[in-house]
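Taking it in order: structure first as structure tokens, then the write-up.
The values are calculated or read from the model by the stated rules, or taken from the named source; none is laboratory data. All figures in this text were calculated on a predicted structure; none of them were measured in a lab. Here the Cβ positions follow ideal geometry from the backbone for every residue, glycine too, while neighbour counts run over all protein chains shown. The area values use the complete protein model at the heavy-atom level, side chains included, leaving out ligands, DNA and RNA. Shrake-Rupley method; radii C 1.70, N 1.55, O 1.52, S 1.80 Å.
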Amino acid sequence: MKLDLTKLLSAGDGQEKYTVTFDMPVVKHYGEDFDIEETSPFDLSVRNESGKSLTVTGRTEVKVTIPCDRCLKDVTVDFPVEINEDFVIEDEQIVTDSDENADLAEGKSLDVDRLVYDQMEMNWPDKVLCRPDCKGLCPVCGHDLNDGGCGCNKQVLDPRMAQFLDVFNSTKK
């Protein structure tokens, strides 16, 4: 969602509250798409300080569906989003850092989706589990071990040690 700040920027000073929504249906993380489960409208406060700087603050929560890292079941993960960004104003235009924040604002508009998405990226969990004791999938047949055992032989031998195993088995006879 693009938020037009023309009125606030031309005022030179003041504060406005906007009710905005996060409109992205999916988010990308390391090249994968993850579905947005739930969002809700939230208040975004934008303050113009003497026509020189712009402070944007707001808080929301986004629910994203992410597969469990062990068994691949869908898990709904809550992302608390805390927006607190400062921008420079020059000639009633929002100026962004060309390296990091170039796509957050353009001219007199602010990209709310990008603000929320950046906060989600910074708070992305290292590991997502459906439950703390998730057993994952069988490496042989792919059966979900949370639903019970599968009876596969899961003994994995290091191929570098195969010659030692051959020697051991030959002396065993």
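Quick one: pull the percentage of alpha-carbon pairs in the stretch 46-140 with a separation above 22 Å. Please report the intermediate quantities before stating the final value.
Working: 2059 of 4465 pairs.
Roughly 46 percent, once rounded to a whole number.
Taking the convex hull of the Cα atoms, report for the chain its projected area averaged over all directions, in nm². Mind showing how you got there, number by number?
Details: hull surface 59.2 nm².
Spelled out: convex hull of the Cα atoms, projected over all directions, averaged, 14.8 nm².
Using Cα springs under 10 Å in a Gaussian network model of the chain, which residue among Arg47, Arg70, Arg131 shows the largest mean-square fluctuation?
The residue with the greatest mean-square fluctuation here is Arg131.
Residues with amide H under 5 Å of Glu61's amide H, sequence separation 5 or more or different chain, H placed in the peptide plane at 1.01 Å from N; which?
For Glu61, the qualifying residues are Ser40, Val81.
Quick one: which residues, 5+ away or cross-chain, put their amide H under 5 Å from the amide H of Lys135? H built at 1.01 Å from N.
Amide H neighbours of Lys135: Asn146.
Could you provide, to the nearest whole Å², the per residue accessible area of the chain with probe 1.4 Å?
Details: 11050 Å² over 173 residues.
I get 64 Å² per residue for the chain.
Over 19 Å between Cα atoms: which of Lys52/Lys108; Lys28/Lys127; Lys2/Lys63 fall into that group?
Numbers: Lys52/Lys108 14 Å; Lys28/Lys127 16 Å; Lys2/Lys63 21 Å.
In this structure, Lys2/Lys63 exceed 19 Å between Cα atoms.
Nothing charged except the Cβ atoms of Lys and Arg (+1) and of Asp and Glu (-1): what's the magnitude of the dipole of the chain about its Cα centre? Round to the nearest 20 debye. Could you put the intermediate results ahead of the total?
Details: 19 positive and 36 negative charges, 287 e Å.
So the dipole magnitude of the chain works out to roughly 1380 debye.
So for the chain, averaging the separation of alpha carbon pairs under 8 Å that are six or more residues apart and normalising by length, what relative contact order in percent results?
Numbers: 305 pairs, mean separation 33.1, N = 173.
For the chain, the relative contact order is 19 percent.
Taking the chain as a Gaussian network, where each spring joins two C-alpha atoms under 10 Å apart, which residue of Asp91, Asp43, Asp69 fluctuates the most?
Asp91
Specify the angular offset, from 0 to 90 degrees and rounded to the nearest 10, of the alpha carbon long axis of helix 162-172 from the longest principal axis of the alpha carbons in the chain.
Tilt of helix 162-172: around 30 degrees.
Sort the stretch 1-70 into rounded, prolate or oblate with this rule: let a ≥ b ≥ c be the square roots of the eigenvalues of the Cα gyration tensor; rounded if a/c is under 1.5, and if a/c is not under 1.5, prolate when a/b is larger than b/c, oblate otherwise. Working shown, then result.
On the way: a/c = 3.26, a/b = 2.81, b/c = 1.16.
Prolate is the answer for the stretch 1-70, as a/c is 1.5 or above and a/b outweighs b/c.
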